Amino acid sequence: MAEPTLTRRLIERATVSTAQEVDPRLLRAIKSAVRSSDEELRSAVGSLMDHLKKNHSQVRYLAVLITDELFMRSKLFRSLLVVSFDQFLSLSVGFRSNMPLPPPSSVASVLRWKSIELLEKWNASFGIHYRQLRLGFDYLKNTLRYQFPNRLENAARLQQERRDRENRSKQILVDKFENLKEIYSSVKAEIQSTIDEIERCLEIVSVKEEDDLTYNFSTEDDVVVEFKSLTLQQIRLDSLKEGEKVQENSDNKAIFDALRELHKLLVSKHLLTVQNWISVLIRVDLTDDKFRESALKEFIDLHNVIKSVKKRAAN
């Protein structure tokens with residue numbers, strides 16, 4: 001009796017497992033063995049067909065998985081397998097009433113579905129080259145009315161849906177961009193107006209505070225007046241350095257109320273508006289980038305100004 005080939009021994013070991021997948025190390029060894037010679041490849045076809053005849057669906061299932069790996073990679077393997085393709089389908093799909101799939105039934109269902117799935121894939125990739133493959137696929141699908149997963153059709157449909165979504169998203173960005181070109185000046189003017197108002201309020205509060213200090217230091221003595229002026233400057237500089245807050249009182253309450261409203265407008269509206277337009281300008285796909293680049297630069301600068309003014313107003 002002839003010594004079993006390396007491939008046959010490896011397939012024997014790989015198909016005795018209860019796992020849902022072939023042992024990766026054994027699968028790599030099988031692939032390496034069949035690449036070594038045509039004899040090993042022919043041995044693989046014979047061994048796999050023998051294991052498909054085993055009275056156990058788990059053995060057949062793992063044999064089908066190995067068959068798929070070799071079928072997708074070797075023209076010689078495909079040519080050898082399609083010679084007995086009718087038998088292969090009978091043993092893997094179990095479409096003949098007198099040749100049902102063996103137990104366990106739970107694995108038999110998985111075996112049948114996986115074999116149908118692989119048949120669809122093989123036919124899509126190689127059906128044009130192998131008549132037996134086309135006939136087997138057509139017989140199961142159109143004569144016996146087996147349900148196929150239609151993975152390729154579903155994949156194509158999903159890909160088209162993805163392209164449609166991307167195109168819609170691109171068009172939405174382009175529409176927003178065109179709208180921005182129309183309202184660009186007014187948007188900037190509105191934001192700048194709010195910033196200017198906040199600056200004026202901050203200036204008024206600052207001047208008022210300085211006036212109060214001047215009043216406290218006032219004297220008729222010219223020397224003291226000069227000393228007071230220099231001292232005021234130093235106090236103001238020290239205050240700015242230390243980040244001291246101007247305290248709200250009855251005299252400046254109206255200004256603080258206005259500042260709070262302007263700060264709210266700056267943060268809840270203008271900052272979000274600028275961030276949104278920056279996002280649009282970054283993502284929009286255009287052939288002419290001149291306006292986009294200039295607008296993006298201005299909005300980034302404006303964003304930095306808003307953050308700075310926001311911080312000052314909050315303090």
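The values are calculated or read from the model by the stated rules, or taken from the named source; none is laboratory data. Everything numeric in this text was worked out from a predicted model, so none of it was measured. Counting neighbours? That spans all protein chains shown, and the Cβs are built from the backbone with ideal geometry, glycine included.
Numbers for the structure displayed
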read-out	value
Filter result for the condition that a residue is closer than 28 Å to Arg60 by Cβ, acidic (Asp, Glu) and modelled with pLDDT under 90, over Glu166, Glu120, Glu153	Glu153
Filter result (modelled with pLDDT of 90 or more and crowded, with 17+ Cβ neighbours inside 10 Å) within the range 274-295	Val274, Trp277, Val280, Leu281, Val284, Ala295
Residue list for the range 102-126, restricted to those being over 21 Å from His51 (Cα atoms) and either buried (at least 19 other Cβ atoms within 10 Å of the Cβ) or among the hydrophobic types (A, V, I, L, M, F, W, C) (or both)	Glu120, Asn123, Ala124, Phe126
From Arg157, Arg168, Arg162, Arg145, residue being on the phi > 0 side of the Ramachandran plot and loosely packed, with under 12 Cβ neighbours inside 10 Å	Arg145
The range 58-86 residues that are farther than 13 Å from Arg112 by Cα, paired with ones that are not polar (S, T, N, Q) and not in a helix (DSSP H, G or I) (beta carbon under 7 Å, 6 or more apart)	Ile66/Val22; Arg78/Tyr130; Val82/Tyr130
Long-range neighbours under 6 Å by Cβ, at least six apart or interchain, first residue more than 13 Å from Asp257 (Cβ to Cβ) and outside the structural domain of Phe256 (by TED's automatic domain parsing) within the range 190-206, second modelled with pLDDT of 80 or more and in a helix (DSSP H, G or I)	none
Test for Leu81: is it surrounded by fewer than 22 Cβ atoms within 10 Å (Cβ to Cβ) and among the hydrophobic types (A, V, I, L, M, F, W, C)	no
